[in-house]
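What follows is a short report on a single structure.
Only the coordinates and a few stated rules stand behind these numbers; no lab work does. These figures come from a predicted structure and were not determined experimentally. With ideal geometry, Cβ positions are generated from the backbone for all residues, glycine too; neighbour counts draw on all protein chains shown.
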Amino acid sequence: MIDLTSKEPVTRQALRINPIAGCQPLGAMYASLGIHGCMPHSYGTSGCSRFQKTLLKRHFRKSSKVTTSVLKESAAIFGGDANLKTAIKNIFETYNPEIVAVHTTCLSETIGDDIKACLYDFPIPEGKYLIHANTPSYTGSHITGFSNMVSSAIQYLAQVTANPNNKACILPGFINPGDMKEIKRISRLMGVDNIMFPDTCGVFGQRGVERINEYPAGGTKVANIIDLGNCKKTFALGKYASEAAAVQLKNQCGVPFKLMDLPIGIEATDRFIMELKQLGQQDVANDLEEEREQLIDIILDAHSFFYNKKVALFGDPDIIIALSEFIAGIGMIPQYAVTGTPGAYFEDRMQQIFSKYDIDGIAKSSADLFDLQQWLKNDPVDLLMGDTHGKLLARAEDVPLVRIGFPIMDRHVHSYLPIVGYRGAIRILEMILNALMDRFDRDHPENDLVFI
Amino acid sequence: MVSITERKNMANKVLTGERAISSLMMDMPGMVCKHGCSYVACRGLVLTPISGILIITHGPVGCSYYSWGGNRLRHQAANAQHDYFSNSFSTHMDESDIIFGGEKKLKQAIKEAVEIFRPPVIAICSTCPIGLIGDDVQSIAEAAEKEYGVKVISFSCEGFRSIPGYRIANMGIIENVIGTGQNNVGKYPVNIIGEFYNGQRAKEIARIFKHIGYDIVAVLMGDGNYDDLKNAHQAKLNLFNSDKVVADLVEVMQDKFGTDWMGFNFIGLDNIINSLKNMADFFGTPELLSKTEDLIADELAKIQDSMDDYKMKLKNRIAVIQEDEFVSRHYQALFSDLDVNPVMVGNELFCRPGQNEMSFMSAVERGCSTPDTKLGVRYDTDLEHYHINLPVRLYEQIKTKTTINDTNGVHSKMAYDSILIPNLTHGETEQLLNTIQPDIYFPGIKENFAGVGTGYRSCFFNADDYRFDYGGFRGAIHFAQDLLMAINMSVWQNNVAPWKIDQ
Ligand code: SF4
């Protein structure tokens, strides 16, 4: 039964019920897939990679090639070095990737294998690359794993070479390819040449089947990752997913960075564009101005339908922060904001938003959907925003759900369309309005049903 | 550990007769594979479908998050209050638990689960780190059982274990659950042990069985529930309808409770009819036999018209299927119902139903062909990933148009009136596809068989996505509908952009 949650608050210290976040290897896998010609390698048992690959496939509706070192009992006793070496040899022989990105799992981390030492003198084929990230699944969440893989790739690859490339490095965080594409478009319109890393455009959305040793056209090229060291500036979008990598690039290659929220909603997009404007020394493009005007217009037109509606948001911290700021800024009430990823920043930042808009909201990191459901039972909301797992909540509490974030397994198209930028904000608004107005119509008596 | 080149050579030897059994090892580090692990099977295949069990995953949060609701089972809970299917529970171990041990947390988690949900039974599934840090899950479970008066069963299904998870789970169920109930059962009591993800098939089986007069005592790895399982020992016959191996489950049950077993297949008309007849023969009463005959005749009559209609539409179409052995076998049965010519590419070796891996492997090692399953349908085994299995007639047609490098292993399998060509390279497969020009192409689970032949009308009906079920008497009709939908989908007209079409 979907509704077994009690109304009376219960305190829990150990039992996690209906989590909102996966484990680190999932994020690392997604980040690796954003490298062109990359074979992600899960250093663990076969189950982990199967789980994560399946989840990615359900969200993007395309499957990806991922390998595993199939650790067994012997590895648990003697260490997995031999498996890892054989695996990498096999990968290069069979799949001919440009680069192999190894990430660990809780098994290999608990065994305590030192990957760096193990791979130290591994004979990598000429012109190929091998990188690794430690992604112990018992700390952080998939967002942490994503961040770890991006930082590691930078650590392994980025270099300062003779010529500055006059480009911006954009670290987009764990977002859909549709969003990455929109961010690149905005940046191009602002005259800022950029390298986005990772970049999953053209990785999942591709038609056609590849051969065994062919890779999708998309993804950040290794040469470009190396070139990140020559960038003028880094835009790290989202503290949780991108800050560590930006810091890494700064320490390693001296590229200054600006840490920003994901450009979701008016204010965050404004801030992003102002930064781009400063860097690109160019006026804001007409297209963007027009989109912003449209967005403001729409908000004015539809205001009465969403004003003062209470919303519960759950999902990845960077997205939830930016989304909360957006909806609070247009007169909605982000009553509850929860994320499964641990870290104090989330709650602090949410408190800032709450106090700016004078909202008596609750924000919790390292939370689960059971927490949220208990709150909802005591003080309900008008709308839920979050990933597919919320559909059980939505049914149980009879609240409409706007699907946003990761993973969305029960709808199509979402990964192609953006939620970032002004156009993305328009799309979010459309989703919110449709959900609320459908509900409004559903709940209205027959004789009150009107066309306008 | 074998590298891929060594492995290929070994596989060749298996096919040519100089066999080397180690080549049958499925676990190749660094290969793209879709295998799960012990936990995946234990929790996902066996425990999740049992309504009434609250499963606590002991480990970091990942495993419980991914396996939450993953098994697409439309199941009907006997008691909604104790149906935890749509929830996910874990101990969410963090770094300090890994360092100092997770026992305290597990105890606390059990306590909380009991207090909040009051479940009749709790299962604890351990994930990877547990086996390494040495938590004594078994004794915690025993202590908790005493303390709370709730049954607590622990499953040591850490992902790195080579023992298949379904075996760990099934053995746990046999030891702790089956045999604890004393409900009365009907005259022809049977258990169903089958791996179906889809409640529709369960309903269809239940309908037919009820009609004939069987009493379904319990269902394992299907739409089952805990209370029924307690009485499973009262069944006279275990029917297994599993895509994968059901470990020694049925054999152990035979030893322990004397339950007989037989294979049972609900996909494809011939399979269904054979299965039903076998079952009636087993009980052997004239009443059952005649009811079975009647039912079969009835059901066949009901679908006769649509079948004829679809057969006409699909006659002599050619389908190419690139799937693993189990899915292929289903297709094969369905296709033969519809008179479509199936060409199978890339079957993959797994194990025989009803045989555990060990006995299967040793049989191959001894030089025997694959062992027959008792009373069940016999399946052929194909030993290498990239081979093609095509009807003799088609082979004769295309033989002259294509060259195949390795003709050593070409042999025909009279059973299916088909030819098996082993060790096909990608190039060869593509070439064959071009020659065969299939009407429909099933690329299967792509990561497994990197595809060839882009540009053919293709569709996916894989286990992960199925919303429809092709089992039961109407299965072939549903399949035909979907097949025609895929072949006729109007988007194929616009598949290629106009500027890409050679003038
Ligand atoms: S929690 Fe550990 S064992 Fe489970 S999927 Fe994540 S890495 Fe694998």
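The residues A:ASP81, A:ASP443, when put in order of fewest to most other Cβ atoms within 10 Å, stand as A:ASP443, A:ASP81. Working note: Karplus 6.51/-1.76/1.60 with θ = phi - 60° gives segment B:96-113 the couplings 5, 5, 5, 6, 9, x, x, 4, 4, 5, 4, 4, 4, 5, 5, 4, 5, 4 Hz, where Gly and Pro are set to x. Over chain A, Cα pairs under 8 Å with separation of 6+ residues give a relative contact order of 18 percent.
For chain A, what is the calculated [θ] at 222 nm in deg cm²/dmol (nearest 500), taking -39500 (n - 2.57) for each run of four or more DSSP H residues and dividing by its residue count? Per the formula, -14500 deg cm²/dmol.
Each of A:SER63, A:SER69, A:SER46, A:SER6 has some number of other Cβ atoms within 10 Å of its Cβ, and from fewest to most they run A:SER6, A:SER63, A:SER46, A:SER69.
If you take the Cα centroid of segment A:382-452 and the Cα centroid of segment B:247-315, the two points sit 46 Å apart.
Rg and Dmax of segment A:24-157, based on Cα coordinates, read 13.5, 38 Å. Taking GluC sites (Glu not before Pro) across segment A:86-127, the ones in a DSSP loop with at most 11 further Cβ atoms lying within 10 angstrom of their Cβ are A:GLU126. Beta bridges per DSSP, both residues in segment B:38-176: antiparallel share near 0 percent.
Distances between placed amide hydrogens fall under 5 Å for A:LYS309 paired with A:ILE333, all partners being 5 or more residues away or on another chain.
Cross-link check: pairs A:LYS53/B:LYS256; A:LYS53/A:LYS116; A:LYS65/A:LYS233; A:LYS57/A:LYS181; A:LYS128/A:LYS167 evaluated at a Cα-Cα cut-off of 30 Å; pairs beyond the cut-off: A:LYS53/B:LYS256; A:LYS65/A:LYS233. Along its first, second and third principal axes, ordered by size, segment A:286-451 spans 45, 43, 35 Å in Cα coordinates.
Taking a point 7 Å out from the Cα of B:GLN481 in the direction of its Cβ, the residues of segment B:267-294 whose backbone N falls within less than 18 Å of it are B:267-269. Put simply, the amide H of A:VAL402, placed in the peptide plane, has neighbours under 5 Å in A:LEU384, A:MET385, A:GLY386, leaving out anything fewer than 5 places away on its chain.
Can you tell me how segment B:201-311 classifies by the Cα gyration tensor, rounded, prolate or oblate, using a/c under 1.5 as the rounded cut? Cα axes put segment B:201-311 in the prolate bin.
Shielding by partners for peptide B:111-117, expressed as the average number of C-beta atoms from other protein chains within 10 Å of each residue's C-beta, is 5. Put simply, the amide H of A:LYS233, placed in the peptide plane, has neighbours under 5 Å in A:CYS169, leaving out anything fewer than 5 places away on its chain. Counting every other Cβ atom within 10 Å of each residue's Cβ, B:ARG207, A:ARG395, B:ARG167, A:ARG58 order from fewest to most as B:ARG207, A:ARG395, A:ARG58, B:ARG167. For the peptide B:127-134, the mean number of other protein chain Cβ atoms found within 10 angstrom of a residue's Cβ is 6. Under a Cβ-Cβ cut-off of 13 Å, what is the net charge of the residues other than A:ALA367 that fall near it, where Lys and Arg count +1 and Asp and Glu count -1? My count for the surroundings of A:ALA367 gives -1. What would the Debye formula give as log10 I(q)/I(0) at q = 0.14, 0.15, 0.18, 0.19 Å⁻¹ for the alpha-carbon point model of segment B:38-176, no solvent? Those come out to -0.57, -0.66, -0.99, -1.11, one per q. Counting only other chain Cβ atoms within 10 Å of each residue's Cβ, the peptide B:84-93 averages 6.
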